[in-house]
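The values are calculated or read from the model by the stated rules, or taken from the named source; none is laboratory data. Just so you know, these numbers come straight off a predicted model, no measurement behind them. Reconstructed Cβ throughout: ideal geometry from the backbone, glycine too, with neighbour counts over all protein chains shown. For the accessible areas, the whole protein counts, side chains as well, though only heavy atoms, and no ligand, DNA or RNA atoms are used. Shrake-Rupley method; radii C 1.70, N 1.55, O 1.52, S 1.80 Å.
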Amino acid sequence: KTPSSQRQEARADAEVGAQVNSVKKALGILECFTATQRELTLSQISRQLSLPKSTALNLIRTLGANGYLLHTANSQTYQLGYNVMTLSYNLRTSMPIIQYAMPFLEELQVKTGENIYLTSNVEGKVLYLEGIYPSIRIGNYSVAGKRLPLHCTGCGKAMLAYLPEAELESILQRCGLPAVTPYTITTREQLDKELARIRARGYALDNEEETLGVKCVAVAIRDSSGYPCGAISISGTTISMRDELLEDY
């Protein structure tokens with residue numbers, strides 16, 4: 001290679017690795033909104049991201065003009081715009097696994113009468129791809145798109161049990177083992193014992209470890225190499241998910 005071509009490749013690599021700061025800031029604004037922070041003021045966004053109000057306002061106006069933020073009527077707050085929902089729809093329709101899995105999820109729901117979830121592991125979190133629910137259910141929203149820790153959910157533990165050791169270590173170092181309920185596993189020793197049990201019996205259990213009063217059984221979906229690319233769970237209350245049913249489930 002000539003020195004000129006080497007310099008061109010170096011510039012191309014630098015451009016690929018470069019990040020546009022204004023785009024990062026705009027994405028940061030969108031990520032400020034959560035299930036518990038549905039509406040935010042300019043001051044709250046500015047403070048949360050350590051941005052000058054003028055910078056935050058310009059970004060908010062741009063996001064609003066393009067349908068990604070809404071200015072709440074008769075207030076000084078903002079919320080996510082409908083184009084975010086459109087992107088979510090576009091993403092889900094681009095994932096064939098969801099359409100492929102639906103008949104199986106629906107069959108499980110009919111047989112058990114419980115909530116059925118299809119999940120994957122994204123950036124060390126359980127990402128809920130789809131949920132099938134009874135006609136009468138406690139929650140009034142779709143779980144698709146929700147993220148939860150791996151160590152306290154049935155699906156998460158089912159996937160953790162089959163991850164390569166290096167990936168498992170990386171996730172634990174990055175995310176830790178925070179307590180979510182009094183029943184959450186919070187030490188590495190407890191987790192190692194639990195993962196060994198999961199591998200021995202082939203399924204994972206969540207005994208009120210993520211939500212009090214909720215119990216689930218889950219199995220990993222593994223590819224041809226044995227890697228856990230997803231998981232399916234049957235979830236219900238501690239009353240309906242009786243111990244004698246778990247083996248059948």
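Express the relative contact order of the chain as a whole percentage, based on alpha carbon pairs under 8 Å and six or more residues apart in sequence.
Values: 344 pairs, mean separation 32.8, N = 249.
It comes to 13 percent, rounded to a whole number.
At 1.4 Å probe size, with every protein chain present, just tell me what the per residue accessible area of the chain comes to in Å².
Values: 14920 Å² over 249 residues.
Per residue, the chain has 60 Å² of solvent-accessible surface.
Where Rh is the Kirkwood radius over the Cα pairs of the stretch 17-57, the temperature 37 °C and the viscosity 0.692 mPa s, what D in µm²/s does Stokes-Einstein return? Mind dumping the intermediate values first?
On the way: Rh = 10.7 Å.
Answer, rounded: 306 µm²/s.
Can you tell me the FRET efficiency between Tyr82 and Thr41 if r is taken as the Cβ-Cβ distance and R0 is 25 Å, rounded to the nearest 0.05?
On the way: r = 21 Å, r/R0 = 0.82.
According to the calculation, E is roughly 0.75.
Peptides 158-164, 203-209: what's the order by average Cβ count within 10 Å, highest mean first?
Details: 158-164: 22.6, 203-209: 20.7.
The peptides rank, most packed first, as 158-164, 203-209.
What are the radius of gyration and Dmax of the chain, computed over its Cα atoms and given in Å?
Cα-based Rg and Dmax for the chain come out at 21.8, 72 Å.
Calculated FRET efficiency, Asn21 and Tyr100, Cβ-Cβ r, R0 51 Å, to nearest 0.05? Don't jump to the answer; show the numbers that get you there.
Details: r = 40 Å, r/R0 = 0.78.
Efficiency, rounded to the nearest 0.05: 0.80.
Find how much the distance from Val122 to Ala196 grows on full extension, using 0.36 nm per residue of separation minus their present alpha carbon separation; answer in nm with one decimal. Don't skip to the answer; put the middle values down first.
Values: separation 74, 0.36 × 74 = 26.64 nm, distance 2.25 nm.
Contour length minus Cα-Cα distance gives 24.4 nm.
Picking from Ile185, Ile29, Ile98, which is most flexible by a Gaussian network model of the chain using Cα springs under 10 Å?
Ile29
Over all distinct alpha-carbon pairs, what is the Kirkwood Rh of the stretch 148-242 in angstrom?
Values: mean 1/r = 0.0753 Å⁻¹.
Averaging 1/r across every pair of different Cα atoms and inverting gives 13.3 Å.
Using 0.36 nm times the number of residues separating Ser224 and Thr181, minus their current alpha carbon distance, what extension gain do you get? Please report the intermediate quantities before stating the final value.
Working: separation 43, 0.36 × 43 = 15.48 nm, distance 3.51 nm.
Length difference between fully extended and current span is 12.0 nm.
Once the piece of chain linking Leu172 and Lys146 is laid out straight, how much longer is it, given 0.36 nm per residue of separation minus the C-alpha distance between them?
Result for the pair: 7.4 nm of gain on full extension.
Compare Glu123, Glu210, Glu194 in a GNM of the chain, Cα atoms joined below 10 Å, and give the one with the largest fluctuation.
Glu123
Which percent of the accessible area of the chain is formed by carbon and sulfur heavy atoms (probe 1.4 angstrom)?
Working: 8150 of 14920 Å².
That fraction is 55 percent.
Would you work out which of Leu191, Val23, Gln173 lies farthest towards the positive end of the dipole of the chain? Charges go on Cβ: Lys and Arg +1, Asp and Glu -1.
Val23
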